[in-house]
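Reading through the structure tokens given below for one structure.
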Amino acid sequence: QVQLVESGGGLVQPGGSLRLSCAASGSIFSIYAMGWYRQVPGKQRELVAAITSGGSTNYAESVKGRFTISRDNAKNTVYLHMNSLKPEDTAVYYCNADLLFESGEYDYWGQGTQVTVSS
């Protein structure tokens, strides 16, 4: 079992920056990848960025060059640094953890944090 708690959301102006944090607890030794997703009402949840236990990263084309995902192993925390924010980045951002066991692959989710980009 893994528990994920997001923080850092808020209201920012276009062109501004924001840093989201996701603190993991529980069976963190079983996590092989973590990521950030976002969702707006009426639309499908979208992958924003992901990072594996080996440090490889993957980004959505819409955020590549503006967002950076990183890890702090000492704090069991994953961050999403968001720069040059646009109104279309407005969404609820969710932290995701992928756990791998012999029985299969399992996903865990945080409760989400709201990011609003508006002037």
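The values are calculated or read from the model by the stated rules, or taken from the named source; none is laboratory data. The structure presented is a predicted model; accordingly, all values stated were derived computationally and were not measured. Cβ coordinates were reconstructed from backbone atoms using ideal geometry, including for glycine residues, and neighbour counts include every protein chain displayed. Only protein heavy atoms, including side chains, enter the accessible area calculation; ligands, DNA and RNA are left aside. Shrake-Rupley method; radii C 1.70, N 1.55, O 1.52, S 1.80 Å.
Annotations for the structure displayed:
- Scanning the stretch 1-52 for residues that are of a type in the set (Lys, Arg), open to solvent by 50 Å² or more (accessible area, probe 1.4 Å) and in contact (Cβ under 8 Å) with a residue 60 or more places away in the chain yields a single hit, Arg19.
- Any hit, the stretch 72-85, residues being over 12 Å from the mean Cα position of the chain (by Cα), among the basic types (Lys, Arg) and modelled with pLDDT of 95 or more: no
- Within the stretch 1-46, if we keep just the residues that are part of a strand (DSSP E or B) and touching a Lys or Arg at 6+ places or on another chain (Cβ under 8 Å), the residue that is farthest from Leu99 (Cα to Cα) turns out to be Gln39.
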